[in-house]
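The structure appears below as structure tokens.
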Amino acid sequence: MSASPRPAPTNAASRLRKRLTREQFEKLVKALQQPDKPPMPPDVVRNFASQYAKMLIFADAARDLGLENDPRYVQIFQFVSNQILTDALNQHIVQEYSHISDQTDRRLLQAESQEVRGTTITAHTGLAEPPQARISPSP
């Protein structure tokens with residue numbers, strides 16, 4: 001019996017080269033850069049490139065095994081995704097409101113404090129506690 005020809009094994013490094021261009025890598029570095037920090041030094045970028053290439057190779061191997069469908073992975077991915085979205089929202093708010101005048105800032109803070117008054121959000125659970133009864137001083 002003659003064996004059918006097997007396709008040549010794919011080299012993970014060649015898959016990586018075909019998949020990630022310099023422009024794409026530079027966009028990734030820029031996206032990961034904190035807006036209020038100086039750019040990464042070249043040696044840090046080189047080290048990151050090496051680590052990122054290894055990470056992509058291992059991620060491909062995990063996908064080949066179908067690990068992206070593992071319930072634990074899916075749960076962790078959702079958590080990390082929510083963390084990233086929270087960070088993006090925080091950065092958006094800082095950028096959006098960093099140029100507000102002092103007068104507008106005071107008005108926003110007053111409106112926000114009136115809106116939030118009486119409700120305490122606990123950081124460890126994220127749940128709102130019912131408002132506490134307060135005695136307001138008479139005007």
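Rule-based calculations on the coordinates, nothing more; no lab input. All of these numbers come straight from a predicted model, not from anything done at the bench.
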Problem set entry | Viscosity 1.002 mPa s, temperature 20 °C, Stokes-Einstein D of the stretch 25-82 from Kirkwood C-alpha radius, µm²/s | 159
For this session: Any chance you could run the full-extension gain for THR86 through ASP43? It's 0.36 nm times the residue separation minus the Cα-Cα distance, nm to one decimal.
Result: 12.5 nm
Exercise. Per-residue HN-Hα couplings for the stretch 57-68, Karplus 6.51 cos²θ - 1.76 cosθ + 1.60 at θ = phi - 60°, whole Hz, x for Gly and Pro?
Worked result: 5, 5, 5, 4, 5, 5, 5, 4, 8, x, 5, 5
